[in-house]
Amino acid sequence: MPANHNQKIEKNTEKEEIRLQTYLAHCGLASRRASEQIILDGRVKVNGQLVTTLGTKVSDKDLVTVDDKKIQLESKKRYVLLNKPAGFVCSSSDEKGRAVAADLLKDKYSERLYNVGRLDMYSKGMIIFTNDGEFAAKLSHPSSQLEKEYIVETSQDIPEGFPARFEKGIRVEGVFYKCIRCQILKSRKIKIVLIEGKNREIRTVLESQNIGTKSLVRVRIGNVNLDDLKPGDSRDLTDIEVKGLLKLCK
C-alpha cells in the first residue's frame, strides 16, 4: 500500500466538504456503512491517491474513483419499489453469474441504485432501491423496527398452534426466531409480519416444523404495499411513502 494513503488530500475548500464515506453514499454507491468498508478495503482513490482513512473529507471538486472508476454526486435522489421475481439475487453483482435484481432497473433509471435489505433468490416481492445512503441506513438499521409482511404458501397444512408458537418465539439450532404476527389464511397459506428478518428466517422456521415453502412473497414494507405491481415491474415511491417510511423508523 502506498506510503501516502493516509496523507491529507489537497483540495479546493471553496465548496462544502463532507466525509468520504458520506460522499460515496450520496453518489449512490452504497449505504454509508457499506461505503466505509469499501474505503477500508483500499478501493477508493481521491485525486489519484489511495485513501483508507474514514475521516478524509472531500468536495464535489475532487476526483473520486472506486476500483479506478470515477463516481460523482447524484443530482436526483431516487426511491424505487421493485417487485422482484424468483431467481434474482439481491447484490450489486454475482460471482456465480446469477441474475441480479438491480439489472431489472437499468433500462428505466440512469442512476446507480442499490437495494435496501434483501430477499433470498427464491423469494419474491418488494425490494426498495435507492441512491440515498442516509435513507438506506435508517431503514436498514436494526433499531428501525420497520414491519415487513409476507404471504407464504406451504407444501403441508399449517398446524393450528404454529402462529402462537412463532409469535412467542422458536429456537432453531441455537438461533431465536420471533415474528410480530402470524395468521393462517388457508390450510396451506399464512401471513407473517417480521421486524427483524434474519437470513431465510421464515423458511428456516417452517422447515424446523417439517413444513416446506412453495412460495414466499413480501407484500408490504412499513406503509408501502405491493398492490398490483407485476413481477419484474418497478415504480417510484411517492413523497408521502418516503416520508412515511422514515417516520416509522424508530
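The values are calculated or read from the model by the stated rules, or taken from the named source; none is laboratory data. Quick caveat: nothing in here was measured; it's all calculated off a predicted structure. Note: ideal-geometry Cβ built from the backbone for every residue, glycine included; neighbour counts use all protein chains shown. These area figures cover heavy atoms from the full protein model, side chains too; ligands, DNA and RNA do not enter into them. Shrake-Rupley method; radii C 1.70, N 1.55, O 1.52, S 1.80 Å.
Points to keep in mind about this one:
- Residues of the stretch 74-89 that turn out to be under 17 Å from residue 133 (Cα atoms), in contact (Cβ under 8 Å) with a residue 24 or more places away in the chain and in a loop (DSSP other than H, G, I, E, B), as a count: 4
- Failed condition for residue 184, given (1) surrounded by 15 or more Cβ atoms within 10 Å (Cβ to Cβ); (2) under 30 Å from residue 23 (Cα atoms): (2)
- Test: residue in the stretch 148-169 that is within 18 Å of residue 241 (Cβ to Cβ) and at pLDDT 95 or above: yes
- Looking only at the stretch 222-236, and only at residues there that are touching a helix residue (DSSP H, G or I) at 6+ places or on another chain (Cβ under 8 Å) and assigned to a loop (DSSP other than H, G, I, E, B), the one that is most open to solvent (accessible area, probe 1.4 Å): 223
- Residue check for residue 143: within 22 Å of the chain's Cα centre (by Cα), surrounded by fewer than 17 Cβ atoms within 10 Å (Cβ to Cβ) and polar (S, T, N, Q): yes
- Pick from the stretch 156-168, criterion closer than 27 Å to residue 225 by Cβ and open to solvent by less than 60 Å² (accessible area, probe 1.4 Å), ranking: nearest to the chain's Cα centre (by Cα): 166
- Boolean, residue 44 is farther than 30 Å from residue 125 by Cβ, buried (at least 16 other Cβ atoms within 10 Å of the Cβ) and not charged (D, E, K, R): yes
- Cβ-Cβ under 7 Å pairs, at least 6 apart or on other chains, the stretch 48-73 side within 16 Å of residue 29 (Cβ to Cβ) and aromatic (Phe, Trp, Tyr), far side assigned to a loop (DSSP other than H, G, I, E, B) and open to solvent by 50 Å² or more (accessible area, probe 1.4 Å): none
- Just one of the numbered conditions (1) under 30 Å from residue 36 (Cα atoms); (2) in a loop (DSSP other than H, G, I, E, B) is not true of residue 211: (1).
- Subset tally (residues that are closer than 16 Å to residue 140 by Cβ and free of Cβ contacts under 8 Å to residues at least 60 places away in the same chain) for the stretch 20-33: 1
- Residues that are outside any helix (DSSP H, G or I) and within 23 Å of residue 135 (Cβ to Cβ), drawn from the stretch 32-42: none
- Residue in the stretch 192-201 that is part of a helix (DSSP H, G or I) and open to solvent by 60 Å² or more (accessible area, probe 1.4 Å) present: no
- Residue that is modelled with the lowest pLDDT [pool: residues in the stretch 122-131 that are part of a loop (DSSP other than H, G, I, E, B) and surrounded by 22 or more Cβ atoms within 10 Å (Cβ to Cβ)]: 131
- Filter result (assigned to a loop (DSSP other than H, G, I, E, B) and either among the aliphatic types (A, V, I, L, M) or loosely packed, with under 15 Cβ neighbours inside 10 Å (or both)) within the stretch 54-72: 54, 55, 61, 63, 67, 68, 72
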